[in-house]
Each structure stands twice: as structure tokens, then as C-alpha cells.
Amino acid sequence: MQISSKASARASSNVYAALAARFPADRSACCVEALGAAGAGSLFYSWDDIERASARLANLLTRLKLPDGARIAVQVEKSPEALLLYLATLRAGYVFLPLNTAYQAAEIDYFVGDAEPSVVVCAPAALPWVEPIARRHGVPHLFTLGDDRSGTLLQAAAGQSDRFKTRAMAAGDLACIIYTSGTTGRSKGAMLSHGNLLSNALTLHQYWRWRSGDVLLHALPIFHVHGLFVAIHGALLSGSKMIWLPRFDAKQVLQRLPEASVFMGVPTMYVRLLDEAGFDAQACRNMRLFVSGSAPLLPDTFKQFEARTGRRILERYGMSETVMLTSNPYDGNRVAGTVGLPLPGVQVRVMGDDGTPCGVDQIGAIQVRGPNVFSGYWRMPEKTREEFTADGFFRTGDVGKWDANGYLSIVGRSKDLIISGGYNVYPKEIESYLDELDGVFESAVIGVPHRDFGEAVTAVVVPAPGSRLDEAALIASMKGRIASFKVPKRIHVVDELPRNQMGKVQKNLLRERFAG
Ligand code: MLC
Ligand code: AMP
């Protein structure tokens, strides 16, 4: 008796099992309508298709007889099959490790070496450079998956049964590793459990009033928590259809918006939508919820959006390590420039330098605790210990303050981080690449305000004695080495970097000087 109730608690902690329990009764209804590239028609996946195709992939993974906790590293273009692979990994009880499609060989080499995945899935076009990396690190299984259903993964899964009993998992079992860039230049793998993902999904489901009949217009990438967990779990938990765009394209979003009720995006996407002449209240007539996050939404964007559409964007705050932490209210007042209130079950505190909680309007370090907060960084126990307080709060590295109504504002970051179009870039990593280039003596990387990306990665470099540096040549040599969103948009050449008495580069002076 006891054994069976424990077993059912384990099963219900598998995220997939919890999602599938809420799939609609009519399994022939559309779950995902996937739009092809411009001009191509749509593909429709019913709920039954999702269940059966993910079963085939889960059977394939299970047949590989991987060890418990095996990592499945995936760097593929967005497609419904990439979503199915995520769901299949959950079902089979393995650990999903999504990787940004912009990452280049040096970055992938690091992730594969660090995570030691049992399976790597890459785009067919990437096979020539991914294969040697996988071989060098002794990865036992390498598959390809294209965004047009091509590749060896689906071929291998084709003969598998379309029935699969989703594996029972405990809340603390690892479900995903999300790599976040590190302040020291080394990326850290945030370990998220089934319990972390599920608690957050259920909270957001209620808080944002997901309902059957919602239609999510999904335009985010699916290798980060925003597009992968926040958006997808919400839709699947409420039995809602997703209109699935291969990437964000403002015109395509505008075209499909009248059919949708929910949209999630980073601020850059809202800025770009506002640049579309046809984006107005009529286009948004069926929309009930626009969510923004991953980067600060400028109050000006919030206000312009409201003036144009009559809708108030709901801004929320989260991290790879914690999924979602705070949100502006669904029914109450959504306040521009704030990230709202702590979500139910999530403890958020703002701590002063003296280690005591800050009062209203006092600026301090944001710390969080809750069932959504990750257990630590993959194989980095020291780093994990540093990032948690003695009483179990995670140090977010963000700096904020409360207002009199309990709304949180993020006013800065203690971590040296640039957020460009919703992607995080750590200056230290870019500086280390720049410093390796011929003729570069030293460099400093800063974020400067940018209308489209919010912040733009900008570098300031000092030539080695006797060298001459050319901005275009430097940018060209960075491309192909690192993900292109990390490549500085501008590189300024100076004789020397400003330093304080301690010898530290005064980045604030560089930010002021190169802000334009
Ligand atoms: C693309 N480029 C960028 C960029 N995105 N440069 C700086 N910052 C970015 N974010 C560059 C490319 O490298 C390329 O450069 C050129 O712009 C065109 O590329 P593209 O692929 O056509 O870009 P586009 O599709 O327009 O992409 C812009 C975007 C995209 C905003 C749609 O960046 C995006 O989807 N961002 C969302 C990121 C996200 O999901 N974040 C969530 C993290 S989770 P070149 O030189 O090669 O031409 C998280 C937690 C939380 O933060 O709270 O959610
Ligand atoms: P990531 O490591 O990619 O998960 O990025 C998490 C970081 O994004 C947070 O620590 C914040 O600095 C930032 N962030 C997320 N949402 C917001 C928001 N609404 N406003 C400001 N910053 C945000």
C-alpha cells in the first residue's frame, strides 16, 4: 500500500506525466500548428500526435540503455520535433540539455566536455564539425535532426512503438541542465529538477489564468527557460493550441496575432512590433495576455504599447536557475518599470550590505528561495555553495528595491552582465577571446544602450605596441569563433583603458564615453 502511493507520487512528479494528465479529452484537436519558413504551409500536430511521436523517441532513448541521469545534449533549429525530443527526454527520465543554435565549435566543445552527454543531437548541417567534438569526448550516440523532419534521429525512432509508459520520477530528480554564462568566463550548468519545473508551471498556470481555448503564439527560441518552460508548459498544461513560428519575425507575428490569445516575448520583440504600422488594437482583438521578460522592459515601451493597443504588457522576472520569480498581477495594476510581486510560494528578499532586509526604496541584493529554485551548478559544488546563503536563499546577482505596494524593481546587477535582446553575455568571456587576437594588448567589454537590443555588446581595445587595429577586421575575426550575438557590435580602439587607483578598469567611464 505504502509502496504504491510512493510510486504514484514519483510518477506524478514527472513533468511530462503532469502535462499529459491535462491534455484535452479530444486528442484529435490541434496542439501545435507549425509554420514553415516564409511561403511554406503549416503542419498540424494533434495531441495524439504529440503523445505518440514523443513515445517513439522515448522508446528509442530507452533502447540505448543509457545510465540513469544521462544527459541528452541538443543543438537543433526550432521545430515541433525538437519539442518532441524534449518531451521524450522527460518521459524516458533522462536529462535534457538544450544549446543555443548560435554556439560555435569552441562553445559546443566546452559544453560537451563539461556535461559528458550520452547523446548529442545536432543539425544535419552541423555534423561535420560536431562529429569530431563528440568523438573527442567519447559521446556514445550522435544523431542529427533538421527543422524539416530530416536526419538520423527520426529515422532511428521510426520503427519504435508509439506507446510508452512515462517513467516515474521523484520531485528532486534532474530534468534539465541549462547552461548560463559565467562571470569568470566559464559557463555553469544550472540543474533543474522535475519538481522545480512542475511547481513553477503550476504556479504560472494559475497566476496568469491559463484556460482551455487559449492560443499561444510561440515565437521564442526553445533553448532557454522563457521559450522552453514558461511558454510551452503553460500551453500544454491548459490544453491550449500553439501557433509555432520558427523564429521571431514581427510581420509574421502580426499576421497570426488575431488568432492568438497569449504571446510571450523579450523586450526587443515588443520594440519591433511597435515599429509595425499595422500593430494596433484591432490586431490584438483576441489577445488576453502579453508577457515580457528576460531583460528590462523600458517604461517607454510599456506606455507606447498601451497607447497603441489598449493592452498593458505583463512584465515578470526570472532566471535559468530559478525559472520565474515575480510577476506583475493578472488582474491588479501592472506597473511599468517593475517586475511585480513575488509569485505564490516563492520567497524574495532584498538584502542590504549589512545583511539585513531592505525597507521600501532601499537598494539591495535580490535573494530567492522556493520549490522552483535549482539545486546547484553541474559539477561545481564550490560555486554552488558561494551562491547560496546559510539559510538557503540563492543570490541572484540582481540588485533591486521594493516600492510601498510590494512591487519589486530591478535597478542593476552586481554581476558584470550584458543582456542583449534577451541573451546574456558575460564581458569576461568576450574579453578573453579579444585578448587572444593578434595585435590586441588588452580589452574591456561593456554594454551600451541600444534601441533594438536594449543593450549592445561594445568592446574597447588597446593595441599591442607597434600594432595597428582595424575595427572591421577585429569583428570579422570574432565571427565564427563565438555565437554571433556575443560579437561586439562596435569595437573602439584607444591608447589606454581608464583605471582607478587599484588598477581596476573603470567601465563606468567607458560606458559614458561610448554610450552614443
Ligand atoms: C540576433 N543577433 C543579435 C541578437 N539576436 N545580436 C545581439 N543580441 C541578440 N539578442 C544578431 C545575429 O547574431 C545576427 O548578426 C543578426 O543579429 C541577425 O540575426 P537573426 O537571427 O536574424 O536575429 P533575429 O532573429 O532578429 O533575433 C533577434 C531576437 C533574438 C530578439 C528575435 O535575439 C531572440 O529570439 N531573442 C530571445 C532570447 C531569449 O529567448 N531569451 C530568454 C533567455 S531566458 P550578424 O552580425 O551575424 O548578422 C532568461 C530568463 C528569463 O533570460 O527571465 O526569461
Ligand atoms: P538567464 O541567465 O538567461 O536566465 O537570465 C537571467 C537574468 O535576466 C536575471 O538574472 C535578470 O538579470 C534578467 N532578467 C530576467 N527578467 C528580467 C526583467 N523582467 N527585468 C530585468 N531583468 C530581467
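Read-outs: derived from the displayed coordinates by stated rules, not from any lab. Everything numeric here is computed off the predicted structure, so don't read it as measured data. Methodologically, a virtual Cβ is constructed for each residue, glycine included, from the backbone with ideal geometry; neighbour enumeration extends over all protein chains shown.
What to note about this one:
- Length gained when the stretch Thr389-His137 is fully extended (0.36 nm per residue, less Cα-Cα span): 87.2 nm
- Tensor-based shape of the stretch 109-260 (alpha-carbon gyration tensor, a/c under 1.5 rounded, otherwise prolate or oblate): prolate
- If you wrap the tightest convex hull around every Cα atom of the stretch 439-514 and split its volume per residue, you get 99 Å³.
- Phe485 paired with Glu436, simple spin-label distance in nm, labels 7 Å along Cα-to-beta-carbon: 2.2 nm
- Taking the three principal axes of the alpha carbon atoms in the stretch 4-127, the coordinate ranges are 47, 46, 21 Å, sorted in descending order.
- Annotation: amide H-H contacts under 5 Å for Asp173 (H modelled 1.01 Å from N, sequence separation of 5 or more, or interchain): His194, Gly195.
- Note on Ser467 and His492: their simple-model spin labels are 2.0 nm apart, each label 7 Å out from Cα toward Cβ.
- Reachable lysines from Lys65, criterion Cα separation under 20 angstrom, eight or more residues apart if same chain: Lys165
- For the chain, the convex hull drawn through the C-alpha positions has a volume of 170 cubic angstrom per residue.
- Each other residue within a Cβ distance under 10 Å of Ile178 adds +1 if Lys or Arg and -1 if Asp or Glu, for a net charge of 0.
- Packing-based ranking of 211-221, 54-64 yields 54-64, 211-221, ordered from highest to lowest mean Cβ neighbour count within 10 Å.
- Entries in Lys78/Lys303; Lys428/Lys489; Lys188/Lys415; Lys78/Lys486 that, when Cα-Cα distance is taken, lie over 22 Å: Lys78/Lys303
- Label sites at Arg285 and Arg413, each approximated as a point 7 angstrom past Cα along Cα to Cβ, lie 4.1 nm apart.
- The loop-placed trypsin sites (Lys or Arg not before Pro) in the stretch 112-161, going by DSSP, that have at most 13 neighbouring Cβ atoms within 10 Å of their Cβ come out as Arg149.
- Expressed to the nearest 5 percent, the antiparallel share of DSSP beta bridges inside the chain is 60 percent.
- Calculated over the stretch 192-297, the projected area of the Cα convex hull averaged across directions stands at 6.5 nm².
- Highest to lowest packing among 497-505, 112-120, scored as the average C-beta count within 10 Å: 112-120, 497-505
- Likely footprinting exposure, Trp47, Trp210, Trp129, fewest C-beta neighbours within 10 Å first: Trp129, Trp47, Trp210
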